[in-house]
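A short worksheet on the structure shown next.
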Amino acid sequence: MVIDVKDIEPIKEIEFFNDMDNIEQDFRGHSRALRYVCTKGNNKYFIKIYENDRIMDINEINNIYSKLEICLAETIEMGYIENINKTYVVYEYIEGNTLYELARILSIEDLEKIGVKIGRELKKFQKIIGDKEKFKEEFDKEINNLMCNSIELKKFYENNSNTKLPYIDMNRLFESFVKLKEFIYLQNPTFIHNDINFKNVIVKDEIPYFIDIDGGKIKSRALDFRGNCWYGWTGDNIEKDRAIYRGIYRGLFNGEVPIEFHKELEFTMIYEFLLRLKQYGEDMEQIEYSFNRFKPIFDKTCYFEDYIFEWF
């Protein structure tokens, strides 16, 4: 679908869009930024448009990836347009396949090998260590807020719907959550991509490239794998999905995944559930969906008490 830039906000404000042969809006993934794929002659570009002035933090994240020598799409141009309060970034377009696409065409063995390569790249993040005490203080506030919010939203749903939510023992879940936090705090906080999921890694010529890197921050290493909540649990591609994550974790730890990391992942499962509730707020459909989605996970893992993920 060709887009006429003269009629659509905000791209008509961005000079880079002028004289493009083709502009298509990209609806893949879950980023809140507007995304476009553009072509001009033999050149292809990927453009993201963010709210507010993001120049400084995007440059900072790009510099981190550059110092760590991690592959990502080259930034061609970026700018802040004050009158519409938006930042745009033009990236090279990586002609490869996402992990989501590869999980549907490659063998389990090949997918695990690709996962190992990704894990080795992510291991480089451990070179950038944050302030542990500052992280703990801020993270304690965040998770307390998430727990309180989930209780309020559950009450809100029950007061406004005739449909019962799937039963999750929230008190027991919180007990496990707080207990598992101990394993998060055993490790130093490091820089993370913040959303390693199957649509944020593209493989080109057997080399993994990371995209959607703008959310990078100092946090717990396991919180990079919230995507594992969505792949490897249901559907007709479970074994291949698990092979990718199995490879990633083995690459991250040079082949031997420590028991403590299993518990960090268990914490991350609960964190993602509570984070979803926070992000969608009083959206009745999303509250119901979140409970339906995570109920089987929590049941399968017995609230993660002394549980080691079965595919290891």
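Odds and ends about this structure:
- Top-ranked residue of the range 129-152 - restricted to ones that are assigned to a helix (DSSP H, G or I) and in contact with a strand residue (DSSP E or B) (Cβ under 9 Å, 6 or more places away or on another chain), ranked as surrounded by the fewest Cβ atoms within 10 Å (Cβ to Cβ): Lys134
Residue-by-condition table, conditions (1) under 16 Å from Lys219 (Cβ atoms); (2) of a type outside the set (Val, Ile, Thr); (3) over 23 Å from the mean Cα position of the chain (by Cα):
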residue: Leu146; (1), (2), (3): yes, yes, no
residue: Lys155; (1), (2), (3): no, yes, yes
residue: Ile168; (1), (2), (3): no, no, yes
residue: Glu175; (1), (2), (3): no, yes, yes
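- Long-range neighbours under 6 Å by Cβ, at least six apart or interchain, first residue among the hydrophobic types (A, V, I, L, M, F, W, C) within the range 138-165, second at pLDDT 95 or above: Leu146/Leu274; Leu146/Lys278; Met147/Phe174; Leu153/Leu277; Leu153/Ile287; Phe156/Glu282; Leu165/Phe291
- Evaluated against (1) outside the structural domain of Ile192 (by TED's automatic domain parsing); (2) among the hydrophobic types (A, V, I, L, M, F, W, C); (3) under 20 Å from the mean Cα position of the chain (by Cα), Ile76 falls short on exactly one condition, (3).
- Applying the criterion of being without any contact (Cβ under 8 Å) to a residue 40 or more places away in the chain and part of a helix (DSSP H, G or I) to the residues of the range 73-108, the residue that is surrounded by the fewest Cβ atoms within 10 Å (Cβ to Cβ) is Glu82.
- Complete set of residues in the range 62-101 that are polar (S, T, N, Q) and modelled with pLDDT of 90 or more: Asn62, Asn63, Ser66, Thr75, Asn85, Thr87, Asn97, Thr98
- Residue satisfying all of: in the range 46-72; among the hydrophobic types (A, V, I, L, M, F, W, C) and under 15 Å from Ile14 (Cβ atoms); surrounded by the fewest Cβ atoms within 10 Å (Cβ to Cβ) among these: Ile55
Every residue, every condition in (1) surrounded by fewer than 20 Cβ atoms within 10 Å (Cβ to Cβ); (2) under 28 Å from Lys132 (Cα atoms); (3) of a type in the set (Asp, Glu); (4) touching a strand residue (DSSP E or B) at 6+ places or on another chain (Cβ under 6 Å), yes or no:
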| residue | (1), (2), (3), (4) |
| --- | --- |
| Lys154 | yes, no, no, no |
| Asn160 | yes, no, no, no |
| Thr163 | yes, no, no, no |
| Asn171 | yes, yes, no, no |
| Glu175 | yes, yes, yes, no |
| Ile192 | no, yes, no, yes |
| Asn200 | no, yes, no, no |
| Asp205 | yes, no, yes, no |
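The values are calculated or read from the model by the stated rules, or taken from the named source; none is laboratory data. Here the structure is a predicted model, which means the values were calculated and not measured. Glycine also receives a Cβ, built like all others from the backbone with ideal geometry; neighbour counts cover every protein chain displayed.
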